[in-house]
Amino acid sequence: MPSSHIKITEIQFTNAEFLPEIVKLLNEGHTVTLRLKGFSMRPFLEDGRDKALLVKPQHPQKGDPVLAEIAPGHFVLHRIIAINDKEVVLRGDGNLGVERCRPEDIRGGVKGFYRKGRDQLDATDGLKWKVYSWIWTRLFPIRRYLLAFYRRIWLRFFKAI
């Protein structure tokens, strides 16, 4: 059948419907590439543009980005800012507030990100991600102003690619 006659239909699901299926695949040992939805990891990860390569979580540590279920059916992909045996504290890079869950509610680990339409993975254990993470997490006191500049000025003149 010629490709000009193929009808492509896009179907969107809510996270509460879709992500439990992703978690099942991760628990079976599969890796999953997931297009990101939301703005909580700005300014470096954008809604609908970037993708995360998810794996089954193994020994999550402070600083790791993870997929966590913070309430039944409510998932977030955020960075761990504190962790102990009873609680995990998470914050999106583009957020000022925190969310909490139990360690067993971490559903996926992030191996890396495909950013700006690239085919090359920015691995979370790579130098680029580690340097970015080190700098960005230490900018927390002024992050509010940097994010405001990014949303109000940067995106207006340099549309996120």
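The values are calculated or read from the model by the stated rules, or taken from the named source; none is laboratory data. Owing to the predicted nature of the structure, the values given are computational and were not obtained by experimental measurement. Positions of Cβ are generated from backbone atoms using ideal geometry, with glycine treated the same way; all protein chains shown enter the neighbour counts. The area values use the complete protein model at the heavy-atom level, side chains included, leaving out ligands, DNA and RNA. Shrake-Rupley method; radii C 1.70, N 1.55, O 1.52, S 1.80 Å.
Observations, loosely collected:
- Considering the conditions (1) within 13 Å of the chain's Cα centre (by Cα); (2) farther than 30 Å from Tyr150 by Cα, Val110 is excluded by exactly one of them, (2).
- One residue stands out in the stretch 1-44 among those that are among the small types (Gly, Ala, Ser) and surrounded by fewer than 10 Cβ atoms within 10 Å (Cβ to Cβ): the one that is modelled with the lowest pLDDT, namely Ser3.
- In the stretch 112-148, residue modelled with the highest pLDDT [restricted to those that are in a helix (DSSP H, G or I) and open to solvent by 100 Å² or more (accessible area, probe 1.4 Å)]: Leu127
- Being crowded, with 20+ Cβ neighbours inside 10 Å and of a type outside the set (Asp, Glu) is a property that Pro65 has.
- Residue that is of a type in the set (Lys, Arg), more than 24 Å from Phe13 (Cβ to Cβ) and touching a residue at least 24 places away in the same chain (Cβ under 8 Å), where the choices are Arg79, Arg118: Arg79
- Hey, Glu87 open to solvent by 40 Å² or more (accessible area, probe 1.4 Å) and over 26 Å from Trp154 (Cβ atoms) or not: yes
- Hits in the stretch 70-84 (condition: part of a strand (DSSP E or B) and out of contact with any Leu (no Cβ under 8 Å at 6 or more places or on another chain)): Ala71, His74, Ala82, Ile83
- Residue in the stretch 68-76 that is farther than 26 Å from Gly29 by Cα, open to solvent by 40 Å² or more (accessible area, probe 1.4 Å) and aliphatic (A, V, I, L, M) present: no
- Of the numbered criteria (1) in contact with a strand residue (DSSP E or B) (Cβ under 7 Å, 6 or more places away or on another chain); (2) open to solvent by less than 20 Å² (accessible area, probe 1.4 Å); (3) more than 20 Å from Pro20 (Cβ to Cβ), the one Ile81 fails is (2).
- When residues in the stretch 45-61 are screened for being assigned to a loop (DSSP other than H, G, I, E, B) and either of a type in the set (Val, Ile, Thr) or surrounded by fewer than 13 Cβ atoms within 10 Å (Cβ to Cβ) (or both), 4 of them pass.
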